[in-house]
Amino acid sequence: MARKILISIFRSFLIGCYVLPLSIQYLFQTQVKKENIYILAIESSCDDTSAAVMCNTTRLSNVVATQKIHEEYGGVVPELASRAHQQNIVPVVHQALDKANIDKKQLSAIAFTRGPGLMGSLLVGTSFAKSMALGLQIPLIEVNHMQAHILAHFIEEEGSESPSFPFLALTISGGHTQVVLVKDYLDMEVLGETLDDAVGEAFDKSAKILGLPYPGGPLVDKYARLGNPDAFQFPKPKVEGLNFSFSGLKTSVLYFIQRERKKDPDFVETHLNDICASIQKTIVNILMDKLKAAVKQTGITQVAIGGGVSANSGIRKALQEAEEDYGWKTYIPKFEYCTDNAAMIGIVGYLKYRMGDFSDQSITARARYVIG
Ligand code: KG4
Ligand code: ZN
């Protein structure tokens, strides 16, 4: 009798340990396959407050409130960014739901940027996402911002194609410059990165030296299109392996402008287009040299770019030319998905939802959050 009781306890234990979790997982997966998944995504890592609604891999809405306040200061002021996120987040989320024509009760989960980024900014999105997920009793999904820049290529769009694994990704933004080997959706390895300034900073700081407002990257791009890229020469850094360095370029631009202004006080105004074109050409060459080295090292010829600087016309053109010149297959995001936006957080949210990769309420923001 005692033996029978023991066997039945053991059976229940086995069922509890193995059969139940497997069946729950099975139920979860079949349900996920059948139903549409609606993810509300929130991005607040720097100076853009953004919310998006995804239906599976399709973007239903993607609202971005860009904070203008930083223009006066020539760069992002963390405390002001955090306050602006607090003001923007509720209306931005409402707009995203309205535009998607989705009621919050229909949401399957909430995804948010956990990091990397400015701590004060991240905290706003993180706290908001946690509270909303708790209130609605739906899963919470944390997302790495840099992974999201790469996985934005998997947002389904008419006429767009997604890379297949493995591929190389060049992430170029105001805070990062990395060459990443992407083995699978969430299996990535950083092969090289900047040792000092990010490429976006190189654009913005050069622009500041030229007296252009923040963020100067898009303006350098605009003037560069009208100028001669061979007008002036700037040195390229010598950095080992697949790492980058941009602080030297900024200094050489500064000294060059100081020198030329002594001879001609109107030098910048007269030669703005040529200066911008020459700076942009140098930056694009630095990026392309490292990409070529990464292709050589890995033998992978599928190359995707992501991050704010991927909006730059110079790098976009250089990549398109690389298709013909070197036989690469390149992936360039739509402008909407280049700079910070919540749709890219939403696609990662969807992928993690399918994997059942959820976070609990104890999760906190991470200012430094490496891919890998
Ligand atoms: O990814 P992002 O929106 O924010 C960060 O995560 O940093 O990138 C912003 C950066 C800024 O440095 C901005 O100047 C740069 O991207 N950027 C550009 C262009 N559009 C944005 N840089 C060069 N050319 C552009 N067209
Ligand atoms: Zn970014």
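Being surrounded by fewer than 16 Cβ atoms within 10 Å (Cβ to Cβ) and within 23 Å of Ser278 (Cα to Cα) is the filter; apply it to segment 316-341 and report the residue that is farthest from ligand 2 (Cβ to nearest atom). Selected residue: Asp325. Tell me which residues, restricted to segment 295-315, are more than 15 Å from ligand 1 (Cβ to nearest atom), surrounded by fewer than 24 Cβ atoms within 10 Å (Cβ to Cβ) and not in a loop (DSSP other than H, G, I, E, B). Residues satisfying the conditions are Val295, Lys296, Gln297, Thr298, Gln302.
Within segment 157-178, the set of residues being modelled with pLDDT of 95 or more and either more than 16 Å from the chain's Cα centre (by Cα) or more than 16 Å from ligand 1 (Cβ to nearest atom) (or both) comprises Ser162, Pro163, Ser164, Phe165, Pro166, Phe167, Leu168.
A quick yes/no check of all residues on (1) over 28 Å from Val309 (Cβ atoms); (2) modelled with pLDDT under 95; (3) assigned by TED's automatic domain parsing to the domain that holds Cys46; (4) buried (at least 24 other Cβ atoms within 10 Å of the Cβ):
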site: Ser108; (1), (2), (3), (4): yes, no, yes, no
site: Leu123; (1), (2), (3), (4): no, no, yes, no
site: Ala129; (1), (2), (3), (4): no, no, yes, yes
site: Met132; (1), (2), (3), (4): yes, no, yes, no
site: Ile138; (1), (2), (3), (4): yes, no, yes, no
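Residue-level check: of (1) hydrophobic (A, V, I, L, M, F, W, C); (2) touching a residue at least 40 places away in the same chain (Cβ under 8 Å); (3) more than 29 Å from Met188 (Cα to Cα); (4) surrounded by fewer than 23 Cβ atoms within 10 Å (Cβ to Cβ), Ala96 misses just (4). Residues that are more than 16 Å from ligand 1 (Cβ to nearest atom) and either without any contact (Cβ under 8 Å) to a residue 60 or more places away in the chain or surrounded by fewer than 18 Cβ atoms within 10 Å (Cβ to Cβ) (or both) do not occur anywhere in segment 196-207. Note down all Cβ pairs under 6 Å where the first residue falls in segment 128-150 and is within 16 Å of ligand 2 (Cβ to nearest atom), the second is of a type in the set (Phe, Trp, Tyr), and they're at least six residues apart or on different chains. Final answer for the pair search is Asn144/Tyr369. Looking for something among the charged types (D, E, K, R), in the same structural domain as Ser313 (by TED's automatic domain parsing) and assigned to a helix (DSSP H, G or I) - is there at least one such residue anywhere in segment 272-284? For segment 272-284, residues among the charged types (D, E, K, R), in the same structural domain as Ser313 (by TED's automatic domain parsing) and assigned to a helix (DSSP H, G or I): present. Filtering segment 132-165 to residues that are part of a loop (DSSP other than H, G, I, E, B) and hydrophobic (A, V, I, L, M, F, W, C) leaves Ile138, Ile155, Phe165. Tell me whether segment 84-101 contains one or more residues that are more than 16 Å from ligand 2 (Cβ to nearest atom) and at pLDDT below 95. Taking every residue of segment 84-101 in turn, at least one turns out to be more than 16 Å from ligand 2 (Cβ to nearest atom) and at pLDDT below 95. Identify all residues within segment 182-195 that are in contact (Cβ under 8 Å) with a residue 24 or more places away in the chain, surrounded by fewer than 20 Cβ atoms within 10 Å (Cβ to Cβ) and more than 15 Å from ligand 1 (Cβ to nearest atom); write none if there are none. Correct list: Tyr185, Leu186, Glu189, Val190, Leu191, Leu195.
On the given criteria, is Leu168 in contact (Cβ under 8 Å) with a residue 60 or more places away in the chain and either surrounded by fewer than 19 Cβ atoms within 10 Å (Cβ to Cβ) or in a helix (DSSP H, G or I) (or both)? The answer is no for Leu168. Within the set Gly372, Gly327, the sole residue that is more than 23 Å from Ile42 (Cβ to Cβ) and either in the same structural domain as Pro166 (by TED's automatic domain parsing) or touching a Gly at 6+ places or on another chain (Cβ under 7 Å) (or both) turns out to be Gly327. Looking across segment 208-218 at every residue that is touching a residue at least 24 places away in the same chain (Cβ under 8 Å) and more than 19 Å from Arg261 (Cα to Cα), the one that is surrounded by the fewest Cβ atoms within 10 Å (Cβ to Cβ) is identified as Pro213. Could you go through segment 124-138 and let me know if any residue there is in contact with a Pro (Cβ under 8 Å, 6 or more places away or on another chain) and closer than 18 Å to Glu336 by Cβ. Taking every residue of segment 124-138 in turn, none turns out to be in contact with a Pro (Cβ under 8 Å, 6 or more places away or on another chain) and closer than 18 Å to Glu336 by Cβ.
The residue that is farthest from Glu35 (Cα to Cα), counting only those in segment 58-70 that are under 17 Å from the mean Cα position of the chain (by Cα) and in contact (Cβ under 8 Å) with a residue 40 or more places away in the chain, is Val64.
When Gly200, Gly216 are screened for being within 16 Å of ligand 2 (Cβ to nearest atom), at pLDDT 95 or above and at negative phi, only Gly200 passes.
Filtering segment 151-190 to residues that are among the small types (Gly, Ala, Ser) and more than 12 Å from ligand 2 (Cβ to nearest atom) leaves Gly159, Ser160, Ser162, Ser164, Ala169.
The values are calculated or read from the model by the stated rules, or taken from the named source; none is laboratory data. Just so it is clear, the structure is predicted and the values come from calculations on it, not from any experiment. Every residue, glycine as well, gets a Cβ built from its backbone with ideal geometry; the counts of neighbours run over all protein chains shown.
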